[in-house]
Amino acid sequence: MAERITAEQRRIVVERANGCCEYCRSQARFATQSFSVEHITPKGRGGNTTLENLALACQGCNNFKFIKTEARDPLSGKSVSLYHPRNQKWRAHFSWNDDYTLIVGLTPSGRATVEALHLNRDELVNLRQILYAMGEHPPLERE
Ligand SMILES: [Zn+2]
């Protein structure tokens, strides 16, 4: 029953995500911990080990997401679905602030995800500042 993520699936997920965390947009090449291929809908909640349910996530986002699929939108207080990297486009739900250090949620899902996954963790903000100064941030969006 336990479906393992295959090496081929992992390769496709990393390539599809362009080596970036699909939530906080961190780049694996500037991370000290290896990224995880995570189940967007957790296996315990019926999520399958298929490419449509897999996403690349940094350790921080993966840890904060854990088995969550919903979180509170800080604006409305309502519980909403977290951002879904396969069914939704990052740029439709998030944007950067003026100096590209902070991710701003644009929609209920976007705002809930920024909070629940702590997408503006201090260490990420510090790294974004340095990488921006070096011309390495933000990562290019594929579309
Ligand atoms: Zn992340």
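The values are calculated or read from the model by the stated rules, or taken from the named source; none is laboratory data. Keep in mind it's a predicted model, so treat the numbers as computed, not measured. Neighbour counts run over all protein chains shown; Cβ positions are idealised from the backbone, glycine included. The accessibility values were calculated without ligands, DNA or RNA, using every heavy atom of the protein model including side chains. Shrake-Rupley method; radii C 1.70, N 1.55, O 1.52, S 1.80 Å.
The set of residues from region 108-143 being assigned to a helix (DSSP H, G or I), open to solvent by 60 Å² or more (accessible area, probe 1.4 Å) and among the charged types (D, E, K, R) comprises 115, 122, 123.
Among the residues of region 49-61, is any more than 12 Å from the ligand (Cβ to nearest atom) and without any contact (Cβ under 8 Å) to a residue 24 or more places away in the chain? Quick ask: steps written out before the conclusion?
The first filter runs over region 49-61 and keeps only residues more than 12 Å from the ligand (Cβ to nearest atom), leaving 49-54.
Still in the running and without any contact (Cβ under 8 Å) to a residue 24 or more places away in the chain: 50.
Yes: region 49-61 contains one or more residues that are more than 12 Å from the ligand (Cβ to nearest atom) and without any contact (Cβ under 8 Å) to a residue 24 or more places away in the chain.
When residue 75 is tested against (1) open to solvent by 70 Å² or more (accessible area, probe 1.4 Å); (2) aliphatic (A, V, I, L, M); (3) closer than 26 Å to residue 43 by Cβ, just one condition goes unmet, and that condition is (3). Kindly indicate whether any position in region 39-46 is outside any helix (DSSP H, G or I) and in contact with a strand residue (DSSP E or B) (Cβ under 6 Å, 6 or more places away or on another chain). Yes - at least one qualifying residue is present in region 39-46. A single member of 11, 4 is over 19 Å from residue 125 (Cβ atoms), exposed (fewer than 15 other Cβ atoms within 10 Å of the Cβ) and in contact (Cβ under 8 Å) with a residue 24 or more places away in the chain, and it is 4. Applying the condition of being touching a residue at least 40 places away in the same chain (Cβ under 8 Å) and open to solvent by 20 Å² or more (accessible area, probe 1.4 Å) to region 28-46 and asking which residue is farthest from residue 118 (Cα to Cα) yields 43.
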